[in-house]
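Worksheet: one structure, shown below.
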Number of protein chains: 2
Amino acid sequence: MITKTIDVSSPIHPLLEQRYSGVSYDPTRIVHKQTLLSLAEAGRWAPSCFGDEPWRFIICSKQDNPVSWDKALECLKEGNQAWCQHAPVLVITCTSLLFDHNGAANNFGPYDTGAAAMSMCLQATALGLMTHQMGGFSADKARELFSIPEPFKPLAIMSVGYQLPFDRVPEQFKARELAPRKRKPLGEHFFDGAWGEGL
Amino acid sequence: MITKTIDVSSPIHPLLEQRYSGVSYDPTRIVHKQTLLSLAEAGRWAPSCFGDEPWRFIICSKQDNPVSWDKALECLKEGNQAWCQHAPVLVITCTSLLFDHNGAANNFGPYDTGAAAMSMCLQATALGLMTHQMGGFSADKARELFSIPEPFKPLAIMSVGYQLPFDRVPEQFKARELAPRKRKPLGEHFFDGAWGEGL
């Protein structure tokens, strides 16, 4: 991974610091099944409301399941297809809208699934891989092409693969790949005991 | 933290492996402001759709903001209050339901906020702290007591603190604190290119 420095008022773990969503994948480097299992295990051990594990992930490896991978790419918006065509793995991220244990509405599904997906991204970072989650896709097309049943809902698509060394990043992606990572000032979103009171 | 072993088909990063949601906090160990800033920074650098950072976290430290901490405890269901009364920090987790950049509905708010909260939990694990997120609270009461404005929505409350050494865990919590961590088999929720096809 290309190293980017970020501004932090207090240090954070390198795994959290190093993860970022680039766009330049190396299409020649395969992500092996054992690696995908590590990512899945990382997601599996995320926390969830009532331990319901509402998430479902359809992992599409270009190497192992080229037809599925093609379908996943087709779900993405054009702008994302432009760079995701080089990502060796695309993952359809879904949640259940109902609790498994009692069939009632599960309002925590997307929240818990976001945590599981984040765990997968961090495990990927630990293994030298780059991930990039996208909301820019057609959930209807994903449901149709992957026969995703109710009460499940596609939430995002995540690309996974190894980043290109910087000297091989195509000219069109160079500026985006090297752009500094930015966030709003900490006190705008993290409050000290009262709404709007910056930490 | 008490160490628990988990069954994994493929290894995961120790930070992901060690995190779990216990219930026995040491009320005598203060969580300092600098530590809370590290947790906030970890959440701050999570990914979000359009980089919108929809999350808001109200961090209530019993030490620094006892009135806020009391209000947060009051929002929790009785079963959670029983053990959260010993947690030195309670965090109200909220999301915006609208995109900041254009005011349109943001359907990714809970998903992104779940990722930011997970980042905070993992940073806490890295610092030797234990977190436990709860859906068992009154969102209406949280909105009222903390004057949470629209279009923001309270999603969860997270407890943060240091775990008691096992020999000091109260009898009533011992079985729960030592219970093995369990998840459904990996292939039930992680699919290999097609819905229902276990990885």
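The apolar share of the surface of segment A:54-160, taken as the fraction of accessible area on carbon and sulfur atoms (1.4 Å probe, ligands and nucleic acids excluded), comes to 49 percent. Listed here are the pairs A:K153/A:K182; A:K182/B:K71; B:K62/B:K141; B:K4/B:K184; which of them are more than 25 Å apart at the Cα? As for pairs spanning more than 25 Å Cα to Cα, those are A:K153/A:K182; A:K182/B:K71.
Computed from point charges on the beta carbon alone (+1 for Lys and Arg, -1 for Asp and Glu), the dipole magnitude for segment B:54-160 about its Cα centre is near 100 Debye.
Ordering A:L73, B:L16 by accessible surface, largest first, gives A:L73, B:L16; the 1.4 Å probe counts only protein heavy atoms, with every chain in place. Each residue of segment B:91-97 is assigned a 3J(HN,Hα), and the resulting list reads 10, 8, 9, 10, 10, 7, 9 Hz, derived from the Karplus form 6.51 cos²θ - 1.76 cosθ + 1.60 (θ = phi - 60°), x at Gly and Pro. Here's the picture: charge each Lys and Arg Cβ at +1 and each Asp and Glu Cβ at -1 in chain B, and of B:V89, B:A175, B:P47 the one pushed furthest to the positive end of that dipole is B:A175.
Calculation over all alpha carbon pairs of chain A in 5 angstrom steps from 0 returns a P(r) of 1, 7, 14, 17, 18, 17, 12, 8, 4, 1, 0 percent. Counting only Cβ charges, +1 for Lys and Arg and -1 for Asp and Glu, the dipole size of chain B around its Cα centre is about 460 debye.
By Cβ position, the chain B residue that hugs the axis carrying B onto A most closely, with its distance in whole Å, is B:G114, 2.
Counting Lys and Arg as +1 and Asp and Glu as -1, each charge on the Cβ, what is the dipole of the protein assembly as shown about the Cα centre in debye, to the nearest 20?
Working: 38 positive and 42 negative charges, 93 e Å.
My answer is approximately 440 debye.
Whole-Hz Karplus values for segment A:146-152 come out as 10, 6, 7, x, 5, x, 8 Hz, taken residue by residue from phi with 6.51 cos²θ - 1.76 cosθ + 1.60 and θ = phi - 60°; glycine and proline positions read x.
Partner chain Cβ atoms within 10 Å, averaged over the residues of B:62-69 - can you pull that number for me?
Values: counts 0, 0, 2, 4, 1, 2, 5, 1.
Across the residues of B:62-69, the mean count of other-chain Cβ atoms within 10 Å is 2.
Which is the longest part of chain A that has none of the trypsin sites (Lys or Arg not before Pro) sitting in a DSSP loop with at most 16 other Cβ atoms within 10 Å? Working shown, then result.
Working: sites that count: A:K4, A:R29, A:K77, A:R181, A:K182.
Answer - A:78-180.
Burial annotation for segment A:39-54: residues with an accessible-area loss of at least 30 Å² between the isolated chain and the complete set of protein chains, computed on heavy atoms with a 1.4 Å probe, are A:A40, A:E41, A:R44, A:W45, A:P47, A:E53. Between identical copies, the spacing of A:P180 label points, each set 7 Å from Cα toward the C-beta atom, reads 5.1 nm from nearest to farthest.
Let me have the 222 nm mean residue ellipticity of chain B computed from DSSP H runs of 4+ only, each contributing -39500 (n - 2.57), with the sum over all residues rounded to the nearest 500. Intermediate values should be presented prior to the final figure.
Values: 8 runs with 71 residues, N = 199.
It lands at -10000 deg cm²/dmol.
Placing unit charges on the Cβ atoms of the charged side chains and taking the dipole of segment B:54-160 about its Cα centre, the candidate lying farthest along the positive direction among B:I59, B:H101, B:T131 is B:T131. Each copy carries B:A104; placing its label point 7 Å along the C-beta direction from Cα gives inter-copy distances of 3.5 nm, listed from smallest up. Each other copy places its own label point for A:P11 at 2.3 nm from this one, sorted shortest first, where the point lies 7 Å along the Cα-to-beta carbon line.
Are there any residues in segment A:155-199 with a reduction of at least 30 Å² in accessible surface when going from the isolated chain to the assembly of protein chains? Probe 1.4 Å, please list them by number. When all protein chains are present, A:L155, A:R183, A:K184, A:L186, A:H189, A:F190, A:F191, A:D192, A:G193, A:W195, A:L199 each give up 30 Å² or more of accessible surface.
The smallest convex shape that holds all Cα atoms of the protein assembly as shown, its convex hull, gives 127 Å³ per residue.
What is the interface area between chains A and B, defined as buried accessible area summed over both chains with a 1.4 Å probe, reported in Å² to the nearest 100?
Numbers: alone 11410 and 11380 Å², together 15990 Å².
Approximately 6800 Å² gets buried when A meets B.
The values are calculated or read from the model by the stated rules, or taken from the named source; none is laboratory data. Everything numeric in this text was worked out from a predicted model, so none of it was measured. Positions of Cβ are backbone-derived with ideal geometry, glycine not excepted, and every protein chain shown enters the neighbour counts. Just the protein is used for accessible areas: all its heavy atoms, side chains included, with ligands, DNA and RNA removed. Shrake-Rupley method; radii C 1.70, N 1.55, O 1.52, S 1.80 Å.
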